[in-house]
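Please read the structure below before turning to the comments.
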Amino acid sequence: MTTQSTERQAVVDAFQHLYYDQPENTWDNTYWLGVPTQKCPLDLWVYQEIIFELRPDVIVECGTCKGGSALFLASMCDMVRNGRVFSIDIEPQRSRPNHKRVRYILGSSTDPDVAGLVRQQTRPKDRVLVFLDSDHTKEHVLNELRA
């Protein structure tokens with residue numbers, strides 16, 4: 001490794017430590033329109049660029065939590081005048097925000113019935129964008145990819 005790449009990696013490692021080891025000051029303290037997103041704002045910035053470029057008809061979000069990122073995604077769909085969001089989570093929460101473009105689905109993103117429900121609501125020519133942000137274990141993500 002060169003000195004420059006070693007220094008760059010040190011910065012990346014420091015950011016990772018500062019950002020994820022103090023969630024109450026960073027990712028757990030990030031909101032969209034007053035609703036917690038639990039996302040890095042840099043990731044949200046990239047999301048909006050992807051949505052602007054692709055203009056998906058359907059966005060599937062695996063992992064809803066409090067609904068802030070679903071609201072963010074729906075807001076981006078409003079801005080590009082296209083798309084709807086299916087947000088999937090195993091935990092029900094009454095306080096999630098309502099938005100005409102969002103449908104919350106209670107269940108596991110790896111459950112064939114849940115995947116089937118989303119497929120039923122999606123037309124063959126729809127452009128579909130999927131965000132995997134639920135259980136981050138290797139096995140679960142692999143099963144999500146397979147679903």
- So what is the 222 nm mean residue ellipticity for the chain from helices alone, if each DSSP H run of at least 4 adds -39500 (n - 2.57) and you divide by all residues, rounding to the nearest 500 deg cm²/dmol? -13500 deg cm²/dmol
- Task: Relative to the longest principal axis of the C-alpha atoms of the chain, give the angle of the C-alpha long axis of helix 41-54, reported between 0 and 90° and rounded to the nearest 10°.
- Result: 50 degrees
- Item | Choice from K39, K100, K66 showing the highest fluctuation, given a GNM over the chain with Cα pairs closer than 10 Å | K100
- Query: Among bridges DSSP assigns within the chain, what percent are antiparallel (round to 5)?
  - Reply: 10 percent
- Note on the structure: Here the alpha-carbon Rg of the chain over 2.2 N^0.38 Å rounds to 1.14
- Determine the relative contact order of segment 31-146: mean sequence separation of Cα pairs under 8 Å and six or more apart, normalised by residue count, in whole percent. 29 percent
- Query: Nearest 0.05, what FRET efficiency do S95 and K125 give at R0 = 30 Å with Cβ-Cβ as r?
  - Reply: 0.25
- With +1 at each Lys and Arg Cβ and -1 at each Asp and Glu Cβ, the charge dipole magnitude of segment 18-147 around its Cα centre, to the nearest 20 debye, comes out at 740 debye
- Message: What does the charge count around Q48 come to, taking other residues whose C-beta lies under 13 Å from its C-beta (Lys +1, Arg +1, Asp -1, Glu -1)?
- Response: -2
- Task: Quick one: net charge around I90, please, counting Lys, Arg +1 and Asp, Glu -1 for every other residue with C-beta under 11 Å from its C-beta.
- Result: -4
- Query: How big is the charge dipole of segment 74-147 about its Cα centre, in debye rounded to the nearest 20, if each Lys and Arg gets +1 on its Cβ and each Asp and Glu gets -1 on its Cβ?
  - Reply: 560 debye
- Pick from R84, R119, R101: which is most flexible by mean-square fluctuation in a GNM of the chain where alpha carbon atoms under 10 Å apart are linked? R119
- Item | Inter-probe distance in nm under a simple model that places probes 7 Å from Cα toward Cβ, at A10 and L132 | 3.4 nm
- Task: Give me the net charge of N29's neighbourhood, meaning all other residues with Cβ under 14 Å from the Cβ of N29; Lys, Arg count +1, Asp, Glu -1.
- Result: -1
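Every number here is computed from the coordinates shown, using simple stated rules; none is lab data. Since the structure is predicted, the reported quantities are computational estimates derived from the model, not experimental observations. Cβ atoms come from the backbone with ideal geometry, glycine included; neighbour counts cover every protein chain shown.
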